[in-house]
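Notes to accompany the following structure.
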Amino acid sequence: MKTRGNTVLITGGGSGIGKALAHRFHDLGNTVIVAGRRMEALQQAIAGRPNMHAMTVDIDSAEGIIEFAQRMVTEHPALNVLVNNAGIMRFEVLDQVRDLQDAEATVTTNLLGPIRLTNALVEHLSRQPDAALVNVTSGLAFVPLIPAATYSATKAALHSYTVALREALKGKIEVIELVPPAVQTDLTPGQATREGYLPLAAFIDEVMTLFQQQPTPREILVQRVAFQRNAEAEHRFDEAVTTLNAFARAAIEAQQ
């Protein structure tokens, strides 16, 4: 993937990993558009940065995504890189009947959102030089967090979808998967300061180093996420499920 001179769209770009990626790609000389629901957060993300732009999008709305994509291509016809980063994580209780509203919202945002936006922009991207598509999944795609079962499942599905896209778009769009471990962001309450989670700045430093390798790895894997990504291949999957969930439970309880 070319890392300079692109026009890059990053969803969920108003905070967390999306915002940090936006700033680092902008620092490399790219035009960057951050998209999300809250214009106030997006404006803060682009403040003082020429060639950064903010656009609102309701990633949960099929019609809204089509309209957004049309607006995007009209206002930024040089768009050649899409980063599907927007996502939500909700904790769930699985051993009793519950309202599935959170689970359904997670599927809509984390899985249908990237599928719909990629579909809306794929023909445009296919016509662009140096086109790339980056899907942000999670280490939880490979070893699930039990209290976030639906989140983990959506990321596993997005991993599979990304593998298929890579083959389907070969020769047209470079398809890359970014796989974060547990990172200190505001994805869940208290996570930004949670002990044992990878600091956001350290994560982004390592990520950008990997993006600038030639050729760019098809999976951007920081060292911390190898424990999850390689668990099954290394025949330690059951142990990894137990270890990861015990670690997460202890880290959350320590903040209570």
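Remarks
- Computed from phi, the 3J(HN,Hα) profile of the stretch 212-218 under the Karplus parametrisation 6.51, -1.76, 1.60 (θ = phi - 60°) reads 8, 5, 10, x, 5, x, 6 Hz, with x in place of Gly and Pro.
- Residue order for Ile46, Ile115, fewest other beta carbons within 10 angstrom first, comes to Ile115, Ile46.
- Dipole in debye (nearest 20) - the chain, about Cα centre, beta carbon charges: Lys, Arg +1; Asp, Glu -1: 660 debye
- The amide H of His53, built 1.01 Å from its N in the peptide plane, has Val32, Ile33, Val34 as neighbours under 5 Å, considering only residues 5 or more places off or on other chains.
- Order of Ser152, Ser138 - criterion: other Cβ atoms within 10 Å of each residue's Cβ, fewest first: Ser152, Ser138
- Fully extended contour minus Cα-Cα distance, from Glu92 to Lys170, at 0.36 nm per residue: 24.3 nm
- Between 0 and 90 degrees, the angle of helix 113-126 with respect to the longest Cα principal axis of the chain falls at about 30 degrees.
- Residue-by-residue Karplus 3J(HN,Hα) for the stretch 160-170, coefficients 6.51, -1.76, 1.60, Hz, glycine and proline x: 4, 4, 5, 4, 5, 4, 4, 6, 5, 9, 4
- Listing Arg194, Arg249 from fewest to most neighbouring C-beta atoms within 10 Å gives Arg249, Arg194.
- Within straight-line cross-link reach of Lys19, aspartates and glutamates at Cα separation under 19 Å, skipping those fewer than 8 residues along the same chain: Asp27, Glu40, Asp58, Glu177, Asp186, Asp205, Glu206
- Amide H within-cut-off set for Val134, under 5 Å, with H built and near neighbours excluded: Leu82, Val83, Asn84, Ile176
- For Lys172, the aspartates and glutamates whose Cα falls under 20 Å of its own Cα, not counting residues fewer than eight places away in the same chain, are Glu123, Asp130, Glu219.
- Antiparallel bridge percentage (DSSP; both residues within the chain; nearest 5): 0 percent
- Here the relative contact order of the chain, from alpha carbon pairs under 8 Å that lie six or more residues apart, stands at 18 percent.
- In the chain, the alpha-carbon atoms span a convex hull of 130 Å³ per residue.
- Reachable lysines, given that their alpha-carbon falls under 18 Å from the alpha-carbon of Lys170 and they are not under 8 places away in the same chain: Lys2
- Sparse-neighbour loop sites [chymotrypsin sites (Phe, Trp or Tyr not before Pro); the stretch 1-92; at most 13 other C-beta within 10 Å; DSSP]: none
- Helix 16-27 vs. the chain, principal-axis angle (Cα, 0 to 90°, nearest 10): 40 degrees
- Couplings 3J(HN,Hα) of the stretch 177-188, computed from phi: 10, 9, 10, x, x, 6, 10, 6, 9, 8, 4, 10 Hz, in residue order, whole Hz [Karplus 6.51 cos²θ - 1.76 cosθ + 1.60, θ = phi - 60°; x for Gly and Pro].
- Computed E for Glu75/Asp99 - FRET, C-beta separation, R0 41 angstrom, nearest 0.05: 0.60
- With Cα atoms, 0 to 90° folded angle of helix 237-254 axis to the chain main axis: 90 degrees
- Across the alpha-carbon set of the stretch 17-162, the Rg to Rh ratio works out to 0.99, Rh being the Kirkwood radius.
All of the numbers you see were taken from the coordinates with simple rules; none came from a lab. Because the structure is a prediction, the values reported are computed rather than measured. Ideal geometry is used to build each Cβ from the backbone, glycine not excepted, and the neighbour counts take in all protein chains shown.
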